[in-house]
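Structure record follows, encoded as structure tokens.
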Amino acid sequence: MADQYILGLDIGGTKIEAALFTADVTTGPISSKRIATERERGYQNVLERLSQLIIELLAENSIAWPSLKAIGVGLPGTVDPQKQVMLNGNSQIFIGKSFAKDLNQYFESPVEILCNNDASCFALAEAKLGAGLKYREQFGIPLSQQISIGIILGTGCGGGIISNGKILNGQNGGGGEIGHSTLISNGHSCYCGRKGCAEQYLCGPALERSYGEKIAARELFERAGAGEQKAIDCLQSYQKNLIEFLTNLTSIFDPHFFVLGGGLSKQALLYQSLEKGLHAQTFVPQSNPVVYQHKVSDSAGVIGAALLTLP
Ligand SMILES: [Zn+2]
């Protein structure tokens with residue numbers, strides 16, 4: 001029997017990553033490619049360029065189409081796991097679209113395509129191949145018994161909840177939309193129509209805005225590290241919000257650990273006093289979730305997408 005391969009796609013608002021895996025997936029990508037999403041050119045244009053990218057990736061690795069077993073896709077929004085339709089999200093062009101069905105129209109024969117939310121894919125990759133392994137090593141709890149929450153602190157604030165090795169999708173796939181839970185009553189307006197959503201306080205641009213003048217988040221961390229009071233104040237206020245957020249989530253899920261991804265998660269200073277602040281506030285005194293920095297590479301999203309195709 002010929003070897004079988006899995007393809008993972010991480011579809012973001014600005015870029016798309018495609019990666020090829022052996023059927024095992026856990027050994028990591030054997031080859032990958034990136035393109036810009038260019039969502040302003042429309043949905044059909046994205047599908048066209050994406051199908052081209054997939055065909056090229058297979059050709060470059062001398063893989064014939066029938067050897068592709070399945071494609072796993074992380075989309076930037078809520079994906080109904082039964083209907084495989086994206087229901088909401090920041091990238092409007094994908095809303096209401098049957099992505100799997102539409103992409104398959106570009107191929108010589110249909111292949112199994114499974115979609116889920118991109119942050120849930122990140123959380124799944126970390127639970128199975130990253131932070132979950134570290135937690136098992138530290139505390140002896142097997143992966144199959146862990147509850148974890150992956151949070152992406154980037155241009156938005158996405159989340160994925162993993163329970164006993166599986167994504168908690170909820171009824172419609174909205175199970176991990178923690179960024180749209182209220183953090184500040186009657187706070188900043190969110191694109192979702194509500195006010196005070198966690199995303200409006202925890203995304204990278206929110207931290208940058210709080211400084212009052214144009215600055216990249218990375219530089220704000222550098223200035224705080226160098227002792228600049230204004231930057232330290234911004235960071236402390238951000239951390240206070242993050243601790244409130246993690247405390248709320250702990251009250252609902254009592255997870256073994258959180259794992260942070262996205263641009264802000266790369267800053268070591270972010271983690272200072274984070275666990276201490278969280279553990280001081282949990283309702284159940286024994287609840288003391290670990291807060292990990294992401295352990296899987298920058299490609300966690302695409303790896304998690306590929307993992308969707310495994311039983
Ligand atoms: Zn919102």
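List of remarks:
- Equivalent ellipsoid semi-axes - Cα gyration tensor, region 15-93, angstrom: 24, 16, 11
- Restricting the calculation to alpha carbons of region 223-311 gives Rg and Dmax of 15.3, 51 angstrom.
- Set of lysines near LYS240 by C-alpha distance (under 29 Å), chain-local residues within fewer than 8 positions excluded: LYS134, LYS195, LYS214, LYS230, LYS266, LYS276, LYS295
- Per residue, the accessible area of the chain comes to 46 Å² when a 1.4 Å probe rolls over the protein heavy atoms.
- Here the contact order of region 140-293, divided by its residue count and restricted to Cα pairs under 8 Å and six or more residues apart, works out to 23 percent.
- Scanning residues 5 or more positions from GLY159 or on other chains, those with amide H under 5 Å from its amide H are ILE152, ILE178, GLY179, with H placed 1.01 Å from N in the peptide plane.
- One equal scatterer on each Cα of region 1-50, no solvent, Debye formula: the resulting log10 I(q)/I(0) at q = 0.13, 0.15, 0.23, 0.26 Å⁻¹ is -0.37, -0.47, -0.81, -0.92.
- The phi-based Karplus calculation (6.51 cos²θ - 1.76 cosθ + 1.60; θ = phi - 60°) puts the 3J(HN,Hα) values of region 262-278 at x, x, 5, 5, 7, 8, 4, 4, 4, 8, 4, 6, 5, 5, 4, x, 5 Hz, whole numbers, x for Gly and Pro.
- For a paramagnetic label modelled on LYS83 (point 7 Å from Cα along Cα→Cβ), amide N atoms under 16 Å away belong, within region 159-184, to 170-175.
- Inter-label distance for GLU137 and THR22, nm, one decimal - labels placed 7 Å from Cα along Cα-to-Cβ: 2.2
- Sequence of GLU38, GLU222, GLU56 when ordered by accessible area, the most exposed leading, probe 1.4 angstrom: GLU222, GLU56, GLU38
- Mean Cβ neighbour count within 10 Å, used as a protection proxy, ranking 170-179, 136-145, 278-287, 97-106 highest first: 170-179, 97-106, 278-287, 136-145
- Residues whose placed amide H lies under 5 Å from that of ILE113, excluding near-sequence neighbours: ILE71
- The 3J(HN,Hα) values that the Karplus relation (6.51, -1.76, 1.60; θ = phi - 60°) gives for region 168-176 are, in residue order, 7, 6, x, 5, 10, x, x, x, x Hz. Gly and Pro appear as x.
- This model, with +1 at the C-beta of Lys and Arg and -1 at the C-beta of Asp and Glu, gives region 140-293 a dipole about its Cα centre of some 120 debye.
- Between helix 118-129 and the chain: long-axis angle, C-alpha atoms, 0 to 90°, nearest 10: 90
- The chain: antiparallel DSSP beta bridges as a percent of all, rounded to 5: 55
- Computed [θ] at 222 nm, deg cm²/dmol, the chain (DSSP H ≥ 4; -39,500 (n - 2.57); rounded to nearest 500): -10000 deg cm²/dmol
- Listed residues THR250, SER148, SER185: farthest to the positive end of the dipole of region 140-293 (Cβ charges): SER185
- Equivalent ellipsoid dimensions for the chain as semi-axes, Å, which come from the Cα gyration tensor, largest first: 33, 22, 18
- HN-Hα J in Hz across region 137-145 - Karplus 6.51, -1.76, 1.60, θ = phi - 60°, x for Gly and Pro: 5, 6, 10, x, 8, x, 3, 5, 10
- Label zone at GLN145, where the point sits 7 Å out along the Cα-to-Cβ direction: region 166-180 residues whose backbone N lies under 17 Å: 166
- Taking amide H as placed 1.01 Å from N in the peptide plane, the amide H of VAL79 sits under 5 Å from that of LEU87, ASN117, each at least 5 places away or on another chain.
- Peptide ranges 60-72, 295-307 listed from the most packed, as the mean C-beta count within 10 angstrom indicates: 295-307, 60-72
- Mean separation of Cα contacts under 8 Å, 6 or more apart, over the residue count of the chain: relative contact order %: 20
- Segment ALA36-ALA268, length gained on full extension (0.36 nm per residue, minus Cα span): 80.6 nm
- Within region 216-255, backbone nitrogen closer than 18 Å to the virtual label 7 Å beyond the Cα of THR282 toward Cβ: 242-255
- Taking all Cα pairs closer than 8 Å and separated by 6 or more residues, the relative contact order of region 148-196 comes to 24 percent.
- Within the straight-line cut-off of under 26 Å between alpha carbons, the lysines reachable from LYS69 are LYS15, LYS33, LYS83, LYS97, LYS101, LYS128, LYS166, sequence neighbours fewer than 8 places apart in one chain being disregarded.
The values are calculated or read from the model by the stated rules, or taken from the named source; none is laboratory data. Predicted model, so just to flag it, every value in this text is computed and none were measured. Quick reminder, even Gly has a Cβ in these numbers, built from the backbone with ideal geometry, and neighbours come from all protein chains shown. Side chains are part of the model used for accessible areas, which takes the heavy atoms of the whole protein and leaves out ligands, DNA and RNA. Shrake-Rupley method; radii C 1.70, N 1.55, O 1.52, S 1.80 Å.
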